[in-house]
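Below you'll find the structure, written out as structure tokens, and then a few comments.
Only the coordinates and a few stated rules stand behind these numbers; no lab work does. Here the structure is a predicted model, which is why all the values come from computation and not from measurement. Cβ sites come from the backbone with ideal geometry, for glycine too, and all protein chains shown count toward neighbours.
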Amino acid sequence: MSKAAKAKPAPVNEGFQIPRITFAWLMASVIVVLLPHVTHLPLWLIGLCAACLVARVYIYQGRLSAPGNRIKRGAVVLMLVLTVVPRWACC
């Protein structure tokens with residue numbers, strides 16, 4: 001058997017990190033998209049966006065691990081509650 005046949009293929013996305021310039025462009029684009037909406041968003045949502053950006057930088061630097069599925073699902077449910085419930089309470 002040849003060496004190529006014995007070699008195991010690398011798992012997809014294992015150890016993959018986007019280039020630094022790409023990460024900088026992604027962060028800049030998120031900030032540029034959010035800036036026009038800052039005057040209309042509630043303060044808690046602006047703070048949440050800032051916290052997400054900081055967390056994303058820490059994840060990129062390796063200081064923080066990426067959130068698991070439970071945390072992601074919990075965040076979605078929390079955002080739904082914070083967005084939908086106040087609208088129902090007013091009527």
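Select, from Gly68, Gly74, Gly62, the only residue that is surrounded by 11 or more Cβ atoms within 10 Å (Cβ to Cβ), free of Cβ contacts under 8 Å to residues at least 24 places away in the same chain and of a type outside the set (D, E, K, R). Steps first, please.
Values: Gly68 fails: surrounded by 11 or more Cβ atoms within 10 Å (Cβ to Cβ); Gly62 fails: surrounded by 11 or more Cβ atoms within 10 Å (Cβ to Cβ).
Answer to the check: Gly74.
In the stretch 16-47, which residue that is under 17 Å from Leu82 (Cβ atoms) and under 16 Å from the mean Cα position of the chain (by Cα) is surrounded by the fewest Cβ atoms within 10 Å (Cβ to Cβ)?
So the residue we want is Gly47.
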